[in-house]
Amino acid sequence: MALKLLQVTAPVAAEQSIRKIAKSDGVLSFHKDCDLDNDHAVFCLLTDSSHRQKLVDELQEMEKLSNRFRLNIIPVDATLPSVGSAQATDTREELMAKMASGAQLDFNYLLLTFLSTLVALIGLLQDNIAVVIGAMVIAPFLGPNLAFAFGTSLGNRELMINAFKTGSSGVGFATLICIAVGYFWGNVPVSEELMSRTNIGLDGVALAVASGVAGVLSLTSGLSMTLVGVMVAVAILPPAVTFGFMMGAAQPTLAYGAFLLLSVNIVCVNLSGLLVFLAKGIAPRRWFERRMAKPYVIGGILVWSAALLVLIFAIRNPVV
């Protein structure tokens, strides 16, 4: 949503500085809410999205004035009288909260991975596209991939490591489940949905790129990412399931095709996500943090681009 309330807890002595910030563009109204003990007070700024990131950055500079400083960003569904507002967009800090949650490796993540893998495998073996789509709804693969791209854009090594661990654990877990099923199943059933994941063309690259771009745009605009999560899951889960099943069923050629599709999709989602984050101006707040993040950004673009070129070469020169 475009309108949000910045609720600031700061020393009373900082009131004039906050009032000065409140005169900036993008602030629709300002008031001092209440006085607190120890010479602190709560100040409220109603903002639209046009300059919110700049306002948040300026207000955060007051953190050094008090260890009780607090800045809350509160969604506002509506205000009266109504005001025109710019298109909704989230700040860096709001995105960080979402990304940290999406990169968390916990029981719920593993359980959703397990359930979505079983459902997707059943759908592929039965050649039932409706069941496969149902698996995409619960697959949790959007968070780790976008979190890794977001961490790269900020040079946040901790977030990148957590996202990598979570994403690789999810894909690896799904693959191991399917290897076991493929081993005991023994043969490859007649299934168009399953076999379609063993072949890849440049149209698969386009799908993965679109998934990454759509994911970041939905994320930064504060919109629901459920449908975008389905897109990313479509790009990642079925190829991982197919790769594992073909490995277990001792079909290395078919497994190689599914592995190529999986690899291309992961690379494209991360590369397109990183590029869109950069295009949206997502960067660290302080200048020295931006300088430290630059090698991560350049390195990320180069590594993902090089990986994509290698994979495209492999697609154009298939193993016979």
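The values are calculated or read from the model by the stated rules, or taken from the named source; none is laboratory data. Being a predicted model, the structure only gives us computed values, none of them experimental. As a convention, Cβ positions derive from the backbone with ideal geometry for all residues, glycine included, and neighbour counts pool all protein chains shown. The protein model used for the area step is the full one, side chains on, heavy atoms only, and it has no ligands, DNA or RNA in it. Shrake-Rupley method; radii C 1.70, N 1.55, O 1.52, S 1.80 Å.
Annotations
- Breaking point among (1) open to solvent by 10 Å² or more (accessible area, probe 1.4 Å); (2) in contact (Cβ under 8 Å) with a residue 12 or more places away in the chain; (3) small (Gly, Ala, Ser), for residue 120: (1)
- Region 96-105: number of residues that are aliphatic (A, V, I, L, M) and in a helix (DSSP H, G or I): 4
- Top-ranked residue in region 210-234 [being within 20 Å of residue 275 (Cβ to Cβ) and open to solvent by 60 Å² or more (accessible area, probe 1.4 Å); ranked as modelled with the lowest pLDDT]: 223
- Among the residues making up region 181-206, those that are small (Gly, Ala, Ser) and under 18 Å from residue 262 (Cβ atoms) are 182, 191, 196, 201, 204, 206.
- One residue from 141, 107, 114, 69 being open to solvent by less than 70 Å² (accessible area, probe 1.4 Å), among the aromatic types (Phe, Trp, Tyr) and at pLDDT 90 or above: 69
- Any hit, region 235-252, residues being over 16 Å from residue 307 (Cα atoms), of a type in the set (Phe, Trp, Tyr) and open to solvent by 30 Å² or more (accessible area, probe 1.4 Å): yes
- Scanning region 284-292 for residues that are touching a Gly at 6+ places or on another chain (Cβ under 8 Å), open to solvent by less than 10 Å² (accessible area, probe 1.4 Å), modelled with pLDDT of 90 or more and over 18 Å from residue 145 (Cα atoms) turns up nothing.
- Criterion (of a type in the set (D, E, K, R) and touching a residue at least 12 places away in the same chain (Cβ under 8 Å)) met by exactly one of 4, 20: 4
- As a summary of the residue check, residue 258 satisfies the conditions (1) surrounded by fewer than 17 Cβ atoms within 10 Å (Cβ to Cβ); (2) in a helix (DSSP H, G or I); (3) over 19 Å from the mean Cα position of the chain (by Cα) except for the one numbered (1).
- Residues located in region 123-138, provided they are polar (S, T, N, Q) and open to solvent by 70 Å² or more (accessible area, probe 1.4 Å): 126
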